[in-house]
Amino acid sequence: MPLKKYGKCIWMDGAMIDPAEATASVMSHVVHYGSGFFEGIRAYKTDKGAAIFRLDEHMARLYRSTRMYYVEIPYDCQTLTQAVIDTVKANSLDSCYIRPFVFLGTGWSALMPDSNLPIHTAISCWNLPSPSDNPKPIAAKVASYRRVSPSMTPMQAKAASNYMNSMLLKHEAKHNGFDEAIALDAQGRVSEASASNIFFVWGNEIHTPSLDCSILNGITRQSVIEFARDLGYKVVERGIARDELYTADEIFLTGTAAEIQSIGSVDRIAVGNGNYPVAAELTKLFLEVASGKSEKYAHWLTYVNA
């Protein structure tokens, strides 16, 4: 896509610059080894202007991710959080997708970075359609590739290198005529989709894989669990067997980009009876909260023009 997609400016290393100037050398450590860390965040349109959903939680996770790899972001969390707000404001967007990104730069000579290797930080934002605008159930397949085990790499880090596994999952699904992949973990339990968490509905119970199933503890996942319990559902976090994919009343995905997205079939087997009332109820509440129409969850919103 043309760089103009990314708005008027990108925040990089302390300054607002033209997107065309927000570049890195092909000799950067991140290009060769995937040493990058990021967040995906959404800002929603409200009556008070753009509001960023759970910004503090996203930024706290970014710092946790880098610490797991012994990388120290050269800005404190308060400074970088304000930079996110400033970037949305500078691009005059009332809703958008936001991508803070930290990566190791140029000057390396080996796998292990030395103390002189620069650590760069960038923040971009752009318009991204909401799946709720066209809530069509998707078709999923169980992937042949397994999710990477947390005994191999920290799955609670939102590290760029982890998403090579996601790319394989998604490509296999799309190549075979599906919209999305569902990965199993090393033990054969349901893990997550390529870049989304997964939930199952049986009656008045909602089940989701526990953190030991090679999943990222998504912030939308955490939000939906809280919403569901407040709405009176029993929520269970546990190991889920593959064959349970074919018995659920509903299956839906959650994530910043996906929001709440129903799965209509798995391996070409229809999910439930084709109705998705629980996902619809949760989506309604989620959008009310994100658009500033809920007092209870008002603390989850950061207003850009406050």
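Highlighted here are the strands (runs of 3 or more DSSP E) found entirely within segment 164-223 that include at least 2 residues which are without any contact (Cβ under 8 Å) to a residue 40 or more places away in the chain and closer than 22 Å to P277 by Cβ: 205-209. Taking the listed residues V224, V235, V289, the one that is open to solvent by less than 50 Å² (accessible area, probe 1.4 Å) and over 23 Å from A51 (Cα atoms) is V235, with no other qualifying. Taken over segment 96-147, the criterion of being charged (D, E, K, R), over 27 Å from G14 (Cα atoms) and not in a strand (DSSP E or B) is satisfied by D133, K136, R146, R147.
Being small (G, A, S) and touching a Ser or Thr at 6+ places or on another chain (Cβ under 6 Å) is the filter; apply it to segment 160-194 and report the residue that is nearest to R268 (Cα to Cα). My answer is A181. Restricting attention to segment 53-72 and to residues that are among the aromatic types (F, W, Y) and without any contact (Cβ under 8 Å) to a residue 40 or more places away in the chain, the residue that is surrounded by the most Cβ atoms within 10 Å (Cβ to Cβ) turns out to be Y63.
Where residues in segment 108-126 are touching a residue at least 60 places away in the same chain (Cβ under 8 Å) and open to solvent by 50 Å² or more (accessible area, probe 1.4 Å), which of them is nearest to M59 (Cα to Cα)? Even if it seems obvious, please write down each step before you answer.
Let us first name the residues in segment 108-126 that are touching a residue at least 60 places away in the same chain (Cβ under 8 Å), namely 108, 111, 113, 117, 120-126.
In the following step, the residues that additionally are open to solvent by 50 Å² or more (accessible area, probe 1.4 Å) were identified as 108, 111, 113.
Working: W108: 27, L111: 27, P113: 24 Å.
Out of the qualifying residues, it is P113.
Scanning segment 149-164 for residues that are surrounded by fewer than 19 Cβ atoms within 10 Å (Cβ to Cβ) and either over 15 Å from the mean Cα position of the chain (by Cα) or among the aliphatic types (A, V, I, L, M) (or both) turns up S149, P150, S151, M152, T153, P154, A160, M164. Taken together, the residues in segment 224-272 that are in a helix (DSSP H, G or I) and within 15 Å of the chain's Cα centre (by Cα) amount to 1.
Regarding segment 74-97, can at least one residue be identified that is modelled with pLDDT of 95 or more, crowded, with 18+ Cβ neighbours inside 10 Å, among the hydrophobic types (A, V, I, L, M, F, W, C) and in contact with an Asp or Glu (Cβ under 8 Å, 6 or more places away or on another chain)? There is no residue in segment 74-97 that is modelled with pLDDT of 95 or more, crowded, with 18+ Cβ neighbours inside 10 Å, among the hydrophobic types (A, V, I, L, M, F, W, C) and in contact with an Asp or Glu (Cβ under 8 Å, 6 or more places away or on another chain). Residues in segment 258-277 that are in contact with a helix residue (DSSP H, G or I) (Cβ under 8 Å, 6 or more places away or on another chain) and either surrounded by fewer than 16 Cβ atoms within 10 Å (Cβ to Cβ) or closer than 30 Å to R99 by Cα (or both): A258, E259, I260, Q261, S262, D267, I269. For R146, the conditions (1) open to solvent by 60 Å² or more (accessible area, probe 1.4 Å); (2) in contact with a strand residue (DSSP E or B) (Cβ under 7 Å, 6 or more places away or on another chain); (3) within 25 Å of H58 (Cβ to Cβ) all hold with the exception of (3). In the condition set (1) closer than 30 Å to K296 by Cα; (2) charged (D, E, K, R); (3) in contact with a Pro (Cβ under 9 Å, 6 or more places away or on another chain); (4) open to solvent by 40 Å² or more (accessible area, probe 1.4 Å), D13 is compliant with all but (1).
The values are calculated or read from the model by the stated rules, or taken from the named source; none is laboratory data. This one's a predicted model, so the numbers in the text were calculated from it and none came from an experiment. Here the Cβ is made from the backbone with ideal geometry for all residues, glycine too, and neighbour counts use every protein chain on show. Just so you know, the surface numbers come from the protein's heavy atoms only, side chains and all, with ligands and any DNA or RNA stripped out. Shrake-Rupley method; radii C 1.70, N 1.55, O 1.52, S 1.80 Å.
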